[in-house]
Structures are given as structure tokens and as C-alpha cells.
Amino acid sequence: MRDYLLTLCVTAAVTYLLTGPVRKFAIAIGAMPAIRARDVHREPTPRLGGIAMFGGLCAGLIVADHLYNLNSVFELSSEPRALLSGAALIWLIGVLDDKFELDALIKLGGQMIAAAVMVIQGLTILWLPIPGVGTVALTQWQGTLLTVALVVITINAVNFVDGLDGLASGMVCIAAAAFFLYTYRLWYGYGIEAAAPATLFAAVLMGMCLGFLPHNLHPARIFMGDSGSMLIGLVLAAGAISVTGQVDPDLMNLFVGGERAATHAMLPVFIPLLLPLTIIAIPAADLVLAIVRRTWNGQSPFAADRGHLHHRLLEIGHSHSRSVLIMYFWSALIAFGAVGYSVHSTSLWIVLVIVGLSAVGLVLLMMPRFTPRAPRWAQSFVPPRYRRRPRVVADEAAEEEDQQPLVKAEMGSLAVSQAPERAPMATGVSGVNGATAIGARSGSSTQRSADSAP
């Protein structure tokens, strides 16, 4: 465990330290796309955060290769090399897309080629566990098609959910944490050495996301772009493929007793296939709703709009940070609930806890104006908006809020009385007509006062 934690910390530190220089580099080369109608941010923000994340991935794998307990992963398996090859290719395509806006078909082809590169080097699904039947071996073509499909779906699901500051990196980090607990249990609890690569992938993925997240929280100073979202999606898919298609379920002594007992026992084997769905579940639901909504309105299913789930959370009154935290909550509930259910699938209390937390999540969705306050002992660990203010400060803030309408009214009347004294401005002058909010409002108020003059 110490070696995995060291790998995680090194990956996070390298990613965090590289993100600052990468941001300056992105600004220097002009990797700052114009704001689109469906974007939530209001200022051009540099992309190419995936460069720092790829640097963290390389650093984590290099450190793990030099650790005594993890060196055997590189000696006995070609999966780390396969992951690095596929990650380098998908990262390069993402960097080009962040700078030059590649066509969607070109990116899809690149994703399929990256998945094929990993398959050629041995990272593929060899068999599938079927409840009541046992282990079903796959042919080479079946395994290749299934592997490529899982990689492409996971990459695009992560890319699709990257709509708010810190959303994709946080959700992937939550899924990677749950995936790490599951694979470490297989490796340490059952003594299955084939689960070690997937455990290493999950630790490195957590480090990549944790190192980048401080720079990406609202308001984000840099975006990961497709170079980052496609990269972490590929790493997540690689871990699921490794532990699902490489670990022999017979080593876990699952097929004992009757068919019903074997079906319950097989649940832990399907967790690697279910954990990527914690990332795909929310975007998939959003995708289905978007297609239905656009088709119902007579639009193309591929037409961009502001009707996604995170847009709706903002529209009903949730702040940017609260919307992200709500998405975190549901991802953690699905991911850790699946892992907990795989450990004790016959325990009723796990189901009750999941149902109870789901009810809490629904209540939070319906209370956009509620601001929780941290206890006094945790005041220094939370943002200022969640701290308890002294009663005197709170009363002064309330008085200021009550006086704001009067101050605004006095300033408005003063501006109207002074408006005729201002020199008129010609249309098209720099700094007017929408260049700034102040300029636009000043011009409109001047025009109204001129029209109302006798």
C-alpha cells in the first residue's frame, strides 16, 4: 500500500507542478478557444491541461518501475507498456484537437487506433464471466472488438461530462478511488497477481486527477481539453479491461454451490465492467435526454444547446460549485455503492444505506438556496462561504443589503441628472457598444435621458 500511495503522490505532485507552466505555454501559442453559446464560463480559458496530466502519468509509471514491490508488474506483464503506448497516441491527438479543432471522425479514428495499439501489446479482454455458466473464452476478433468498443465508449463518456469546472476530473477521481479499493482487494485479499496492473493504473489515475483538480476548480485557470479528457478516459478503460479480461474468476473460488449461489458470487467479477458505468451513467442519461429533446423540438440530435444536466442545475438556482458537488455525490454513491455491494451482496443494510443517501441527494437537488455551515472546529478547512459569521458581522451585512436598493436609486437619479452634461460618443468608438458592460449601460442610459428631455 505504501508503494501505491508513493506512486499516487508523485503523480499528483508532477501533474500539479507542470500545470502552471503548461498554462503559460497554452496562452503563448493561442490555445484559448472563443466562448461558445453553450459554454458556462465567460472568459477565454487556456486548454492543453492534458500535457501536465500526461507528464504525471509518465512520472508515476517511472517511479513504480523502480519500487521493489511494484517492479514485478513491469517484469511479468506488458500491460503498463501497452497503456503508455495507447496513452501517448490518444494524448497527441487530443493536443492537436485542442489547438486546431480536429474533425469528430478523425478523433474517433484515433481513439480506435489507440485501443488497437493496446490490444496488439496484450491489453485485451480474453474471457468473460457468465453467471451460472462459468468463464467463456473469447476469440481474438471478439476480444478485440469488445476492447475497442469499451475504450471508445469510456473516452467519449468522460469527454461528454467535461462541461463544468472540475467536473470530469473529480468524477473520474471518485471512480478511480472506488476501482482502486476493488482491485487492491483482489490483489491483496485473494492473492491474484494479475490484478496488480489494474491497481497501479487506478493509483496513477487518481494522482493525475488530484494534481490537476486545484487548477481546474471554479473559477478554472486552465481546462484539461480533449488531451486530458480522452487521456483519463483511456486509463480508466485500460484498468477495467485489465482486471476483467485478464483475471481468471476460477482463482476466486466463485463457482461453488448451486446456480443461485454462483450468481451471487459472480457479482464481484462484474464490478470492473460496472465501475466505468459510474462515469457513463450520468452522461448517458444526459445524452438520451438531449436526443429526445432536440428531436422533439425539430432540431438535429447533434445540435448544441444549453439543456444538459449541469445547465439545468444552474438554471434551477444551484451555483457552479454546488452543481459540481451534486454530480460528485451521485458518482460516489454509484461507485462506492457498487464496490460495497460486491463485498457483501447479501447484506440488506448496504441497500438501505444506498436508498437513504439517494433520498438525501434528491433533497439537495430541490434545495438550491440552502447553504450548509461547517461546525466551528472545521472553520479553517472549508471555503469562506461555508464558515459561520459572527452575529455582529451578519447583522451589518444584513443592514448593507437593506441599504443597497436606496444607494442604487440615489446613484441612478444622480446619473440621470448628470447625463446631459456628458459629451456624446460616436457609434463604433473603441470601448463602447458592448466592449464593456459599463460602457454599454452608460450609452443606453444617456440615450434614454436624451429622448426624455423636452
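The values are calculated or read from the model by the stated rules, or taken from the named source; none is laboratory data. Note that the coordinates shown come from a computational prediction; the quantities given were computed from them, not determined experimentally. Using ideal geometry, Cβ is built from the backbone for each residue, glycine included, and neighbour counts are taken over all protein chains shown. With ligands, DNA and RNA removed, areas are computed over all heavy atoms of the protein, side chains included. Shrake-Rupley method; radii C 1.70, N 1.55, O 1.52, S 1.80 Å.
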Residue that is farthest from LYS107 (Cα to Cα) [pool: residues in the range 144-164 that are more than 9 Å from the chain's Cα centre (by Cα) and not hydrophobic (A, V, I, L, M, F, W, C)]
THR144
Return yes or no: is LEU70 out of contact with any Phe, Trp or Tyr (no Cβ under 6 Å at 6 or more places or on another chain), farther than 26 Å from HIS215 by Cα and touching a residue at least 12 places away in the same chain (Cβ under 8 Å)?
yes
Within the range 83-129, track down each residue that is under 23 Å from LEU48 (Cβ atoms), of a type in the set (Gly, Ala, Ser) and open to solvent by 10 Å² or more (accessible area, probe 1.4 Å).
SER85, ALA88, ALA104, GLY109
Selection count where residues are modelled with pLDDT under 75 and within 18 Å of ALA176 (Cα to Cα), scope the range 318-359
3
Could we say that PRO46 is surrounded by 19 or more Cβ atoms within 10 Å (Cβ to Cβ) and in a loop (DSSP other than H, G, I, E, B) here?
yes
Whichever residue in the range 323-343 is among the hydroxyl-bearing types (Ser, Thr, Tyr) and open to solvent by 20 Å² or more (accessible area, probe 1.4 Å) and, among such residues, is nearest to LEU313 (Cα to Cα)
TYR328
Test result for LEU164, under 22 Å from ASP226 (Cβ atoms), open to solvent by 50 Å² or more (accessible area, probe 1.4 Å) and either assigned to a loop (DSSP other than H, G, I, E, B) or modelled with pLDDT of 85 or more (or both):
no
